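The values are calculated or read from the model by the stated rules, or taken from the named source; none is laboratory data. Bear in mind the structure is a predicted one, so any value in this text is a computation, not a measurement. Cβ sites come from the backbone with ideal geometry, for glycine too, and all protein chains shown count toward neighbours.
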Amino acid sequence: MLGLILRIDHLMTAELAMELDEISPLPQNKPKPLYSTRLDDKLEDCTLRLLEALTTYQETRLLGPSILRELVYRVLTGEQGGSLRAALSQGGHFNRIAKALRQIHAQYEQTLNVAALAEAANMSVPAFHAHFKAVTSTSPIQYIKAIRLHQARLMMIRNGTTAAAASVKVGYESASQFSREFKRLFGRSPTEEVQTSCR
């Protein structure tokens, strides 16, 4: 008998579960106990591809994350996917944090503050901080910054938006602060990032 244990990224799982709920909402059922099941063909194929990718550093680094994401998707949409998603959504704190994540993704360009997000999640600010970090491995403020910076980067690369215009569109009031935080996250200034990506 062979076994494989995978450490799953909570944030990736949360994001996939949220996206699945938007596309095909679950009925309001209680989570069911989990049990052993055979791998279906798609999950088996995905697992084998992951194992093959793990044999080389290059494939592990470049292909591994996307195959792992597919594997989590296959589990969430498989035989026990409904029970897993119900457990996640009814897991109290997870469900509240998932709602906060949805709000951040939908309104990242607006003024978002942690106190308002915590209130919307019906949590105290310290509890919200703790549970948010447990799901995303980062603080709410850092998460909001990362979403804004990633969106700005996409605008600059895909649409040719200037750094100044992109910073305003994603909610920054200071162009210099935007440039500093962009460089801290990506290791390059906005201008350098665009030049490197467009080569």
### Query
Are there any pairs, at least 6 apart or on different chains, whose C-beta atoms fall under 7 Å, with the first in the stretch 142-154 and in contact (Cβ under 8 Å) with a residue 40 or more places away in the chain and the second among the small types (Gly, Ala, Ser), and if so, which?
Arg148/Gly171
### Query
With (1) in a loop (DSSP other than H, G, I, E, B); (2) under 23 Å from Met18 (Cβ atoms); (3) among the charged types (D, E, K, R) as the list, and Glu173 as the residue in question, which single condition is left unmet?
(2)
### Task
Pairs only if they're at least six apart or on different chains, beta carbon under 7 angstrom, first in the stretch 98-126 and not assigned by TED's automatic domain parsing to the domain that holds Ser167, second modelled with pLDDT under 90 and β-branched (Val, Ile, Thr); list them, first residue then second.
Ala121/Ile97
### Query
For the stretch 35-84, how many residues are outside any helix (DSSP H, G or I) and under 21 Å from the mean Cα position of the chain (by Cα)?
3
